[in-house]
Each structure stands twice: as C-alpha cells, then as structure tokens.
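To start, the structure under review is shown below, and the notes come after it.
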Amino acid sequence: RYEPTWGSLDARPLPAWFDEAKFGVFIHWGVFSVPSFGSEWFWWYWQKEKRESYVKFMEANYPPGFSYEDFGPLFTAEFFDPKQWADILKASGAKYVVLTSKHHEGFTLWGSKYSWNWNAVDVGPKRDLVAELAASVRNRTDLHFGLYHSLFEWFNPLFLEDATNVFKTRKFPTSKSLPELYEIVTKYQPEIIWSDGNGNAPDTYWNSTGFLAWLYNDSPVRDTVVTNDRWGVGSICTHGGFYTCSDRYNPGHLLPHKWENCMTIDRRSWGYRRDAQLSDYLTIEDLVKQLVETVSCGGNLLMNIGPTHDGRIAVIFEERLRQMGAWLEVNGEAIYGTKPWRAQNDSVTPEVWYTFSPKEGTVNAVFLNWPVSGILELGEPQAKLGETQVKLAGYKELLKWVALGEKGLIIALPQLTPKQLPCQWGWTLQLTAI
C-alpha cells in the first residue's frame with residue numbers, strides 16, 4: 001500500500017499502457033467556449049486583469065451589468081454528438097483522451113453535487129457531458145478515457161478566503177475541490193487524472209498526497225490510473241506520475257522520467273476562439289514534427305482542441321485529427337509501443353528522429369524532409385553487411401544501402417511520384433540488424 005507521502009507515491013510504477021500509447025487528445029470545453037474570444041482565461045482577463053481588448057469586447061457586444069455567470073445558460077451544446085466525437089477521436093490515431101471536467105472557472109461538465117447551480121446538468125446543456133462522452137469513447141473506441149480537473153477556482157469565495165488566510169484555513173479543498181475529485185473517480189472511473197491550477201497553494205493545502213494514496217490504493221481505477229505532476233506549488237516536474245513541466249513542453253532531448261508534451265493546435269488558446277485566423281493553427285507538418293520529436297525523446301504528445309459552445313468540433317480541428325490518423329496508419333509502428341533509441345536524432349541529417357521497437361528489434365528513422373537527390377544519409381546507425389535490412393514503411397520492396405565506415409549509411413530511396421508515396425508529411429525507415 002502507498003503512504004500519503006511523495007516518497008511512497010513517487011515509487012509507484014507508471015501503468016505500462018500510458019508509455020505505450022504515445023498520443024492523446026486534450027479537449028478544453030466549458031463556459032469559456034461561449035464568449036470564445038481571446039482565451040479560456042476570459043473571465044480572469046476581463047474581470048481581474050481588466051485587459052482592454054476583453055473589456056471592449058464585452059462593452060460592444062453585451063448589455064451593461066452582464067456577468068460571466070450569465071454566459072452559463074448560453075453554453076447550450078445543442079450539436080454535441082458524443083458518438084461523432086468518439087469516431088473523430090478514433091480516426092485521429094490517439095490512444096487516450098482527456099476532457100476538462102472543470103476548468104478554473106469552476107463550472108463542472110457533470111452534475112456535481114459540490115457545484116450547485118454551476119454545472120452542465122443544472123445550467124446550459126442540462127446534460128451530463130462527462131458521462132455521455134465517457135460512454136461513447138468506451139463503446140466505440142479503444143481509447144483510454146481521462147479527465148482534467150482544476151484544483152483551484154479563480155473567484156470561488158471559499159478559495160479567496162483561504163488565500164487571504166495564506167492557506168492556513170482549508171475550507172475550499174475540503175468542501176469543494178477534493179469532494180469533486182473523489183466524485184469523478186468514483187462516478188466515471190477515468191484512467192487519467194490530469195490535475196492543474198494550484199492557485200499558488202502548496203500540496204499540503206490541497207491534501208494531494210492523501211487523495212493520491214486513496215487513488216492508488218482503494219479507488220476503482222487503482223491499477224490502471226495515471227496522474228500528472230500538478231498537485232500544488234513545487235510538485236510540477238518533481239512529483240506525481242508523468243511530468244508535464246510546463247505547457248507546450250518539448251525539451252528536444254531524452255528525459256530520465258516519463259513526460260508529456262501538452263500543446264494546442266491553435267497556438268494562442270486552449271479554448272475555442274471565434275476570431276482565430278488560419279495562420280494561428282499549426283499545420284499537419286508542424287504536428288507530425290511535434291509528435292515525432294516528443295516520442296523519440298521518451299514523451300507522449302497530448303494535442304488539444306477546443307470545441308464550440310454548441311458542441312461542435314470545428315472542421316479545422318477535425319481535419320488535423322484525421323490527418324494525424326492517416327499518418328499514423330502508415331507510420332504507427334514507429335510511434336506506438338516504442339522506446340527511445342541510443343540516439344534521439346541524427347548527427348548528420350537534420351529533422352531525422354529515431355525510435356526503437358523492442359518486439360521487432362527494429363530501429364525506426366523518421367525523416368521529415370524527402371531529399372531532392374533521392375539519397376538519405378544517416379550518421380547514427382551502424383550497419384552490418386549481409387544482415388542489415390532497410391524498409392520504407394508503407395512500401396513493399398527493400399531499399400538499397402551502403403555503409404559509411406564505422407558508423408552511418410547511405411540509403412537510396414525509391415523513385416516515386418507524389419501519388420505513389422506511402423504518406424505525406426514524414427516517412428519512416430525501418431532498420432533491422434542495426
């Protein structure tokens with residue numbers, strides 16, 4: 001049994017499925033999807049920081065005295081079709097999904113008895129959005145279902161009171177945050193608890209170690225659940241399950257601890273923005289590059305989309321997800337279930353990243369630029385004459401190669417027209433006996 005101490009909790013082995021999965025989809029959805037302007041931090045920027053663009057936006061479009069709470073009934077989700085969402089998630093090639101069950105605004109996407117009249121069953125959709133998506137994902141896909149949960153809430157009076165008392169009192173975590181966490185685990189049995197938002201309070205205030213000890217010892221998901229590292233001031237990149245370290249974290253080198261790169265297709269926001277420009281969205285080339293870099297350095301990629309207030313996954317997000325799925329259909333063997341190789345990227349040719357498939361004993365070299373010459377030079381692999389074989393994923397015939405002294409080889413790529421290429425945006429060489 002795990003003790004409620006970081007020493008004991010950090011010794012828990014991470015369930016193997018998480019490292020094997022490599023790729024997940026993050027979904028930021030909530031009342032902030034109604035104004036869908038600027039950022040999911042809309043309430044804070046408008047009311048607390050009083051940023052000019054937010055104040056002007058409200059003055060120009062809403063009546064005087066309109067409060068953030070008034071957005072609640074406008075979060076309608078009339079087009080939310082959990083089956084369609086599940087099918088899009090499946091088509092993306094992702095192996096897990098993480099839904100924001102509650103962001104810093106405090107609005108819960110399930111009918112929480114600890115969030116009276118500020119939840120999706122009492123206000124707005126009048127539906128349990130968490131239950132609906134969980135059921136569809138489990139019925140229609142093999143994705144692992146996870147939930148994001150914000151520890152703190154910007155404007156909750158109980159939290160503000162505790163903060164005024166320099167967190168010597170614990171009214172908020174004992175009456176709101178912790179009961180919600182127990183509630184979502186018991187009710188929805190998520191396999192990921194993605195905690196966030198410590199409100200500048202230490203983990204002792206949140207009783208994070210007490211909750212995690214229960215989660216790992218006695219909860220219905222104790223054997224399969226994974227957690228992240230955002231459990232109070234000082235825990236990020238230090239304690240918990242996998243490390244996130246910061247948003248959009250991509251170190252570019254191997255880390256000794258399992259980590260995740262959580263990032264957004266819309267560079268500027270996690271929530272949906274009606275005013276986003278095409279140039280604000282990462283291209284599929286950008287996204288494939290992020291995935292390959294992340295996985296070769298031992299991380300998972302958690303790629304975020306922001307649905308609309310009426311429950312649609314905007315077509316640009318759907319396209320990116322389906323493109324990623326199409327790429328993974330050809331190159332998945334270089335991603336899923338792989339381990340980092342001795343070299344993460346090539347020493348001679350830029351934009352070449354390596355992974356290792358332990359079952360097959362294959363080294364995968366993913367290259368993001370198809371060379372004009374049709375010749376690819378790799379500086380890292382050591383080939384063995386008469387033994388080493390080189391394959392292009394999605395192409396039948398073996399490729400010809402020449403060794404370069406002690407280390408390195410030159411590979412002749414097949415001469416293919418764009419239509420004959422096995423895929424776009426990046427290609428995998430599978431090297432055996434290397």
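The values are calculated or read from the model by the stated rules, or taken from the named source; none is laboratory data. All values reported here derive from a predicted model rather than from experimental measurement. With ideal geometry, Cβ positions are generated from the backbone for all residues, glycine too; neighbour counts draw on all protein chains shown. Remember, those area values only see protein heavy atoms, side chains included, never the ligands or the DNA or RNA. Shrake-Rupley method; radii C 1.70, N 1.55, O 1.52, S 1.80 Å.
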Output yes when any residue across the stretch 292-299 is farther than 30 Å from LYS391 by Cβ, β-branched (Val, Ile, Thr) and out of contact with any Pro (no Cβ under 8 Å at 6 or more places or on another chain), and no when none is.
no
Qualifying residues in the stretch 314-324 (those that are part of a helix (DSSP H, G or I) and over 30 Å from LYS359 (Cβ atoms)) - the one least open to solvent (accessible area, probe 1.4 Å):
PHE317
Is it the case that the stretch 37-55 has a residue that's touching a residue at least 12 places away in the same chain (Cβ under 8 Å) and among the aliphatic types (A, V, I, L, M)?
no
Return the pairs, sorted by first residue and then second, in which the second residue is open to solvent by 30 Å² or more (accessible area, probe 1.4 Å), the first residue lies in the stretch 309-329 and is touching a residue at least 40 places away in the same chain (Cβ under 8 Å), the beta carbons are less than 6 Å apart, and the residues are 6+ apart or on different chains.
ASP310/THR76; ASP310/GLU78; ASP310/PHE79; GLY311/PHE79; ARG312/PHE79; ARG322/ALA91; GLY325/ALA91; TRP327/TRP425
Report whether or not TRP327 is within 21 Å of the chain's Cα centre (by Cα) and surrounded by 14 or more Cβ atoms within 10 Å (Cβ to Cβ).
yes
For the stretch 387-412, how many residues are surrounded by 11 or more Cβ atoms within 10 Å (Cβ to Cβ) and either in contact with a Ser or Thr (Cβ under 9 Å, 6 or more places away or on another chain) or more than 25 Å from SER347 (Cβ to Cβ) (or both)?
13
Out of (1) within 21 Å of SER269 (Cα to Cα); (2) open to solvent by less than 40 Å² (accessible area, probe 1.4 Å), the odd one out for ALA91 is which?
(1)
Quick test for you: out of CYS262, CYS237, pick the one residue that is in a loop (DSSP other than H, G, I, E, B) and assigned by the TED database to the domain that holds THR164.
CYS237
Taking into account only those residues within the stretch 330-345 that are of a type in the set (D, E, K, R) and without any contact (Cβ under 8 Å) to a residue 60 or more places away in the chain, which is surrounded by the fewest Cβ atoms within 10 Å (Cβ to Cβ)?
ARG342
Of everything in the stretch 87-137, what is assigned to a loop (DSSP other than H, G, I, E, B) and small (Gly, Ala, Ser)? Give them in sequence order.
SER92, GLY93, ALA94, GLY106, GLY111, SER112, SER115, ALA120, GLY124
Which one of VAL366, VAL348 is modelled with pLDDT of 95 or more and in contact with a helix residue (DSSP H, G or I) (Cβ under 6 Å, 6 or more places away or on another chain)?
VAL366
Is one or more of the residues making up the stretch 282-301 assigned to a strand (DSSP E or B), assigned by the TED database to the domain that holds GLN415 and not aliphatic (A, V, I, L, M)?
no
So is GLY252 open to solvent by 10 Å² or more (accessible area, probe 1.4 Å) and assigned to a loop (DSSP other than H, G, I, E, B) or not?
yes
Restricted to the stretch 165-191 and to residues being over 26 Å from the mean Cα position of the chain (by Cα) and of a type in the set (Val, Ile, Thr), the residue surrounded by the fewest Cβ atoms within 10 Å (Cβ to Cβ) is VAL166
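Mind counting the residues in the stretch 373-406 that are without any contact (Cβ under 8 Å) to a residue 24 or more places away in the chain and not hydrophobic (A, V, I, L, M, F, W, C)? Let's see the steps before the verdict.
Restricting attention to the stretch 373-406, the residues satisfying the condition of being without any contact (Cβ under 8 Å) to a residue 24 or more places away in the chain are 373, 385-386, 396-398, 400-403, 405.
Of the ones still in play, those that are also not hydrophobic (A, V, I, L, M, F, W, C) are 373, 386, 396-397, 400, 405.
Within the stretch 373-406, residues that are without any contact (Cβ under 8 Å) to a residue 24 or more places away in the chain and not hydrophobic (A, V, I, L, M, F, W, C) number 6.
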Considering the stretch 143-164, residues that are of a type in the set (A, V, I, L, M) and farther than 17 Å from GLN189 by Cα, and then whichever is surrounded by the fewest Cβ atoms within 10 Å (Cβ to Cβ), we arrive at LEU160
Answer residue from the stretch 64-86, given it is of a type in the set (Phe, Trp, Tyr) and assigned to a helix (DSSP H, G or I) and is nearest to TRP43 (Cα to Cα) among those
TYR68
Restricting attention to the stretch 192-211, which residues are open to solvent by 40 Å² or more (accessible area, probe 1.4 Å), touching a Phe, Trp or Tyr at 6+ places or on another chain (Cβ under 9 Å) and part of a loop (DSSP other than H, G, I, E, B)?
ASN198, ASN200
How about the stretch 123-135: which of its residues are open to solvent by 10 Å² or more (accessible area, probe 1.4 Å) and either touching a residue at least 40 places away in the same chain (Cβ under 8 Å) or in contact with a Cys (Cβ under 8 Å, 6 or more places away or on another chain) (or both)?
VAL123, GLY124, PRO125, ARG127, ALA131, GLU132, ALA135
